[in-house]
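Every read-out reported here was derived from the displayed coordinates using simple, explicitly stated rules and does not represent laboratory data. Model, not experiment: these values are computed from the prediction. Every residue, glycine among them, receives a Cβ derived from its backbone with ideal geometry; neighbour counts consider all protein chains shown.
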Amino acid sequence: MTIVIATIRPWNLRRARALKRAMTGRVKVRIIERPSELTPARLRRIQPAYVFFPHWSRMIPEEIYSGFECVVFHMTDLPFGRGGSPLQNLISKGLRRTKVSAIRAGRDLDAGPVYMKAPVSLAGPAQEIYERVSGLVFDKLIPAIIRNKPRPKPQRGRPVFFVRRKPEESRLPEFRSAREAYDFIRMLDADGYPRAYVDQGALRVEFRNASIKGGCVRAEAVFKPRGKNE
């Protein structure tokens, strides 16, 4: 069997390479690291049994999802939480746990049939959560799909849709509690994402590494020059 793993986040690439080494001699693993490498022609040459998309964050072309068995991983208990920024939307709603849904990619966003789900905690900063989800995807979900070849089943229930957050929504709002402030900072604290911030004149103050104890929130503040378009 040959599979393709298409992913762009560094923490997923590390695990993809580890999985490739672990499956040597049993499953041939091809890794695609850049969107420009994901072409129908290349996949036709590889002829994968599955194309896995951990945290791809891009639309998959119809020619690819219709021609190959494409599996995406969404950080909600689908059909609840279809759409963008699932982690941030979940935390902002006060949720402490979620499920990662492995689904078949199709025309409609996050609407495909489900191979399997697995629970995961939403504790800690966003970076820690993303890496926790990555471990779940590479250590449990991908191996289980390869091993068991489950037939995906249609989603059940009424869909609830999330809206993708915009960078300007990372500006600190007014908070009603210390817990709300803590959740806001931690849900944005990940590499490659716009962190919680406030603007002070020519400087932008970004917040990270938040902790909460005794009703008080502590966070690291980084002062940096504002960009021309900010």
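Shape class of the stretch 167-225 from the Cα gyration tensor (axes a ≥ b ≥ c, square roots of the eigenvalues): prolate, since a/c reaches 1.5 or more and a/b is larger than b/c.
Label sites at Ile31 and Asp108, each approximated as a point 7 angstrom past Cα along Cα to Cβ, lie 3.5 nm apart.
For the chain, modelled as a GNM whose springs connect Cα atoms under 10 angstrom apart, the maximal fluctuation among Lys117, Lys149, Lys213 occurs at Lys213.
Charge tally around Ala102: other residues with Cβ under 14 Å, Lys/Arg +1 each, Asp/Glu -1 each, net +4.
Estimated from helices alone, the mean residue ellipticity of the chain at 222 nm is -7500 deg cm²/dmol (sum of -39500 (n - 2.57) over DSSP H runs with n ≥ 4, per residue). For mean projected area of the Cα convex hull in nm², the candidate list reads [x] 13.1; [y] 14.2; [z] 15.0; the entry that matches the value derived from this model is [y]. Of all the options Val133, Val198, Val29, the one that moves most in a Gaussian network model of the chain with Cα springs shorter than 10 angstrom is Val198.
What the phi angles of the stretch 151-157 give under the Karplus curve with 6.51, -1.76 and 1.60, with θ = phi - 60°, is a coupling list of 8, x, 10, x, 5, 10, x Hz, glycine and proline written as x. Separation of the stretch 144-189 from the stretch 80-131 is 6 Å, based on Cα centroids. Derived scalar couplings between HN and Hα for the stretch 183-195 equal 4, 5, 5, 5, 6, 10, 8, 8, 4, x, 10, x, 6 Hz in order, rounded to whole Hz, by the Karplus curve 6.51 cos²θ - 1.76 cosθ + 1.60 (θ = phi - 60°), x for Gly and Pro. Summing charges over all other residues whose Cβ lies under 9 Å from the Cβ of Thr7, with Lys and Arg as +1 and Asp and Glu as -1, gives +1. Short-range pairs are left out: with C-alpha atoms under 8 Å and at least six residues apart, the relative contact order of the stretch 2-162 is 22 percent. Positive contributions from Lys and Arg (+1) and negative ones from Asp and Glu (-1), summed over other residues with Cβ under 15 Å from the Cβ of Thr39, come out at +2. Rounded to the nearest whole Hz, the Karplus-based 3J(HN,Hα) values (6.51 cos²θ - 1.76 cosθ + 1.60, θ = phi - 60°) of the stretch 51-56 follow the sequence 10, 9, 10, x, 6, 6, with x at glycine and proline. Where is the GNM fluctuation largest for the chain (alpha-carbon springs, 10 angstrom cutoff): Ile32, Ile129, Ile212? So, out of Ile32, Ile129, Ile212, the one fluctuating most is Ile212. Which lysines, if any, have their Cα less than 17 Å from the Cα of Lys99, not counting same-chain residues under 8 positions apart? Here the lysines satisfying the reach criterion relative to Lys99 are Lys117, Lys140, Lys153.
Here, the stretch 102-230 has an Rg and a Dmax of 18.8, 57 Å when only alpha carbons are counted. Counted over the chain, the DSSP beta bridges are approximately 60% antiparallel.
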